[in-house]
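Structure first, commentary second.
The values are calculated or read from the model by the stated rules, or taken from the named source; none is laboratory data. Keep in mind it's a predicted model, so treat the numbers as computed, not measured. Neighbour counts run over all protein chains shown; Cβ positions are idealised from the backbone, glycine included. Accessible surface areas use protein heavy atoms only, side chains included; no ligands, DNA or RNA. Shrake-Rupley method; radii C 1.70, N 1.55, O 1.52, S 1.80 Å.
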Amino acid sequence: MPAIRANSVLPARRTPVTLETADGLSLVGELAVPEDREPVATLVCLHPLPTHGGMMDSHVFRKASFRLPALAGVAVLRFNTRGTSSNHGTSEGTFDAAEGERYDVAAALEYAEFHDVPHVWVLGWSFGTDLALMHGCDPLVEGAILLSPPLRFSTPEHLATWAESGKPLVALVPEHDDYLQPDEARERFAAVPQAEVVGIDGAKHLWVGDAETVLDLVVQRVAPGVDVPLPREWDGPMETADTSAYADRTTAAFKDVPR
């Protein structure tokens, strides 16, 4: 069977969406759901720092949308936070250092609730993990998965909120992360008794070369009935996306960041 590659797009129903925030902004997004069945779980994706190249099309989230509806029956909602651009378009507003973005997170969760997608989990990456910790502990949300959490904008009070909620909190922490590595992450997340910190050997902050590992671990948590590792091959319709613009943008944004 043909191998699933970085730019492979498996079948799904993909719908462009516009999220309307309580402070009057329109945000660009996309909902991808399984083509021929109801989803078993839903990921609301909160992307990395837009001032450093983060967007709804950052590679792990793009691959989640390309693969998980078909391989795992998981719906994927991605969007650009305020002022963020990608090939899908530019969201209104300007970057607000995780404060105004509370309305962006709320708009995404409201969209998920209105469209009745099941078992909603927040999936944050880098800056998006701060948004998840600060603004994602919502009654709709069953839990959160944090990729490369820097704990830059979030505070001990936000961790306390998650601790009190009892909701699952999973931190996937690269061994060679630029901001927070596994041992320190375990110390910081000790404030949340139910938190699970998983160190990923050999990985770095951007998860280049490790997206498959991340997606397997995410599916294992949000859809435990799905077998992992997920298939690496696909015997069916498969399109090829032009992802060169994404790669060039990410590389340029992080050219001065040690990895």
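Per q in 0.16, 0.27, 0.28 1/Å, what log10 I(q)/I(0) does a Debye calculation on the alpha-carbon atoms of the stretch 7-50 return?
-0.60, -1.13, -1.15
Could you check how much of the accessible area of the chain is carbon and sulfur, as a whole percent, using a 1.4 Å probe? Kindly include the intermediate steps, with their values, before the conclusion.
Details: 5480 of 11100 Å².
Carbon and sulfur atoms account for 49 percent of the accessible area of the chain.
Keeping all protein chains in the complex and leaving out DNA, RNA and ligands, what accessible area do you get for T51 with a 1.4 Å probe, in Å² to the nearest 10?
Probe radius 1.4 Å; accessible area of T51 about 90 Å².
Taking the Cα centre of the stretch 86-177 as origin, work out the dipole magnitude from +1 charges on Lys and Arg Cβ and -1 charges on Asp and Glu Cβ, in debye rounded to 20.
The dipole magnitude comes to about 180 debye.
To the nearest 20 debye, what charge dipole does the stretch 1-70 have about its Cα centre, counting +1 at the Cβ of each Lys and Arg and -1 at the Cβ of each Asp and Glu?
Values: 7 positive and 7 negative charges, 78 e Å.
I would put it at about 380 debye.
Normalised by the number of residues in the stretch 105-259, what is the relative contact order in percent for Cα pairs under 8 Å and 6+ residues apart?
Numbers: 208 pairs, mean separation 25.2, N = 155.
The normalised contact order for the stretch 105-259 reaches 16 percent.
Please state the relative contact order of the chain as a whole percent: Cα pairs under 8 Å, 6+ residues apart? Please report the intermediate quantities before stating the final value.
On the way: 542 pairs, mean separation 52.7, N = 259.
The normalised contact order for the chain reaches 20 percent.
Please give the per residue accessible area of the chain, computed with a probe of 1.4 Å over protein heavy atoms only, in Å².
On the way: 11100 Å² over 259 residues.
On a per-residue basis, the chain sits at 43 Å².
Add -39500 (n - 2.57) for each DSSP H run of 4 or more in the chain, then divide by its residues: what number comes out at 222 nm, to the nearest 500 deg cm²/dmol?
On the way: 7 runs with 77 residues, N = 259.
Calculated mean residue ellipticity at 222 nm is -9000 deg cm²/dmol.
Might you report the magnitude of the Cβ-based charge dipole of the chain about its Cα centre, with Lys and Arg at +1 and Asp and Glu at -1, to the nearest 20 debye? Working shown, then result.
Numbers: 20 positive and 38 negative charges, 87 e Å.
Charge dipole, the chain, about its Cα centre: 420 debye, nearest 20.
Output the Kirkwood hydrodynamic radius of the chain, Cα pairs only, in Å rounded to one decimal.
Working: mean 1/r = 0.0552 Å⁻¹.
About 18.1 Å, per the Kirkwood formula over Cα pairs.
Sum up the charges of everything whose Cβ sits under 11 Å from the Cβ of K167, counting Lys and Arg as +1 and Asp and Glu as -1, but leave K167 out.
Details: positive: none; negative: D138, E142, E164.
Local net charge: -3.
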